[in-house]
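Only the coordinates and a few stated rules stand behind these numbers; no lab work does. This is a predicted model, so every value here is computed, not measured. Glycine gets a Cβ as well: all are built from the backbone with ideal geometry, and neighbour counts include every protein chain shown.
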Ligand code: APR
């Protein structure tokens, strides 16, 4: 892909970068996006209808099992070229923040991998706005649990208070972790460059971050298979797969 010389120049000089990622950023790792048609066992359920406190109250076992299935799927996948390109970018620009709606932990995976082997590793924040599917906590007392027995009949319970265990993810209608959200809003407002990657931009408050960045004068770059509500505000819209476009962009600008 050819990138405009003025874009390349701008990115080389920019100071603060924020990148918002959605399910599309993990699609090339083999994970389904949220609004894709599901197949197989879960085809009859809409993900958006399982990810809610009401669904858990109605049928906790159904919701627990769906997350258990997704947790297993996440364990078996690895970051893709797009995750690595974002990490590479973070190593090259002065300030970089990843804001992710994904609960798969793949950005953190790349960072930890690099931390082990790189002598020049530079740390950067990864804000998990919607939690992390590998963590489990009590739905009553909030205590985190490292181990639980998966029972075929019942949802596992908290060793402390006996409440039902649930994934540490944000469901529809629930508040986002306050410090992560505040940091995300701050980085969207202060950045020079905002990248929106593989998100449909349909879920608030994450969806408003790109608009906030645009309103504050940041350059907005969007990478997606298809246009989204943010596209009209984007300075550059690259249509395609993030695992292909991001490495090309990083190579063209900082390679
Ligand atoms: N590269 C770039 N974009 C992609 C790719 C890819 N390889 N594959 C899919 N996409 C795009 C799709 O075109 C779509 O716009 O990624 C987007 C995925 O959208 P959603 O499934 O709606 O995922 P997301 O935006 O992350 O959803 C937000 O909704 O249900 C909640 O909590 C859940 O975090 C999730 C939130």
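Values computed for the structure shown
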{"read-out": "Residues satisfying the stated conditions in the stretch 78-95, i.e. in contact with a strand residue (DSSP E or B) (Cβ under 9 Å, 6 or more places away or on another chain) and either part of a helix (DSSP H, G or I) or crowded, with 24+ Cβ neighbours inside 10 Å (or both)", "value": "82, 83, 86, 87, 89, 90"}
{"read-out": "Flag if residue 174 is loosely packed, with under 15 Cβ neighbours inside 10 Å, touching a residue at least 12 places away in the same chain (Cβ under 8 Å) and either over 15 Å from the mean Cα position of the chain (by Cα) or not in a strand (DSSP E or B) (or both)", "value": "yes"}
{"read-out": "Positions within the stretch 215-245 being within 9 Å of the ligand (Cβ to nearest atom) and assigned to a helix (DSSP H, G or I), in sequence order", "value": "242, 243, 244, 245"}
{"read-out": "Conditions (1) within 23 Å of residue 34 (Cβ to Cβ); (2) in contact with a strand residue (DSSP E or B) (Cβ under 6 Å, 6 or more places away or on another chain): number failed by residue 59", "value": "(2)"}
{"read-out": "Pairs where the first residue, in the stretch 24-35, is near the ligand (Cβ under 6 Å from one of its atoms) and the second is part of a helix (DSSP H, G or I), C-beta under 6 Å, 6+ apart", "value": "28/243; 33/24; 33/27; 34/47"}
{"read-out": "Test result for residue 209, under 14 Å from residue 21 (Cα atoms), in contact (Cβ under 8 Å) with a residue 60 or more places away in the chain and near the ligand (Cβ under 10 Å from one of its atoms)", "value": "no"}
{"read-out": "Qualifying residue in the stretch 184-193 (condition: surrounded by fewer than 20 Cβ atoms within 10 Å (Cβ to Cβ) and within 16 Å of the ligand (Cβ to nearest atom))", "value": "no"}
